[in-house]
Amino acid sequence: MYYKEWLCVRRSLIVLSIGLVALLGIVGIVALVHVNVGGKPDTSPQGMTGFVDFFGITALLAGGIMATILGTALARENDDHLEVAWTKPVSRTEYASTVMLVDAAGILIAICLGLVFHALIHVELRQPISMQTSAADVSNTVRFLLFPFAWYALIVALSARLRGGGIVQALV
């Protein structure tokens with residue numbers, strides 16, 4: 001019953017991984033081709049990036065994109081057979097909760113993949129990341145981590161009664 005959602009999450013993570021590898025390759029090529037005014041390759045560090053900025057960008061991009069893709073989980077079940085799906089021997093709440101937990105795991109994996117590839121991009125560009133944090137940084141990091149899940153919940157709520165939900169993905 002949840003296998004369909006698991007396949008959707010797996011396919012989305014594979015496509016995200018392929019896109020991140022392609023992005024890493026493009027950044028690598030641009031970093032190799034980039035030369036400074038003297039004609040020599042630019043190998044100097046570009047500046048320090050804070051951990052909150054690093055994590056926030058990754059969570060907002062990778063997590064937000066995955067949340068947008070997976071957010072129509074209940075709308076995909078609404079293809080003229082939702083009434084049949086609700087007659088299965090599982091409660092509606094349990095079904096919807098399990099589907100959303102599968103999607104939440106996919107979003108969390110996407111954020112982790114994004115962090116790895118974002119770190120690799122920083123290594124290629126020789127841009128160090130500052131690991132110094134304060135109390136405000138911890139709260140900001142938690143907010144950045146929760147954003148994709150809030151975005152996912154918004155898209156699920158707006159698209160649950162629609163058929164397919166693609167219009168919500170496009171307009172939001």
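Annotation: peptides 137-146, 64-73, ranked by per-residue average of other Cβ atoms within 10 Å with the highest first, follow the order 64-73, 137-146. With r as the distance between the Cβ atoms of Ala31 and Leu146 and R0 = 25 Å, compute the FRET efficiency 1/(1 + (r/R0)^6) and round to 0.05. Calculated transfer efficiency: 0.15.
Calculated FRET efficiency, Ala22 to Asp53, Cβ-Cβ distance, R0 = 25 Å: about 0.60 to the nearest 0.05. Using the Cβ-Cβ distance between Leu115 and Lys4 with R0 = 25 Å, the FRET efficiency computed as 1/(1 + (r/R0)^6) comes to roughly 0.35. For Thr49, the residues whose modelled amide H falls within less than 5 Å of its own, excluding neighbours fewer than 5 places apart on the same chain, are Ile129, Ser130. Over all other residues within a Cβ to Cβ distance under 15 Å of Leu154, the charged ones net out to 0, with Lys and Arg as +1 and Asp and Glu as -1.
Label point of Ser97 set 7 angstrom out along Cα-Cβ; within region 136-155, amide nitrogens under 19 Å from it belong to 150, 153-154. Here's how it looks for Asn78: its modeled amide H is under 5 Å from those of Gly164, which are all 5 or more places away or on a different chain.
A short reminder: the numbers here are calculations on the coordinates, not readings from a lab. None of these values were measured; they are calculated from a predicted model. Quick reminder, even Gly has a Cβ in these numbers, built from the backbone with ideal geometry, and neighbours come from all protein chains shown.
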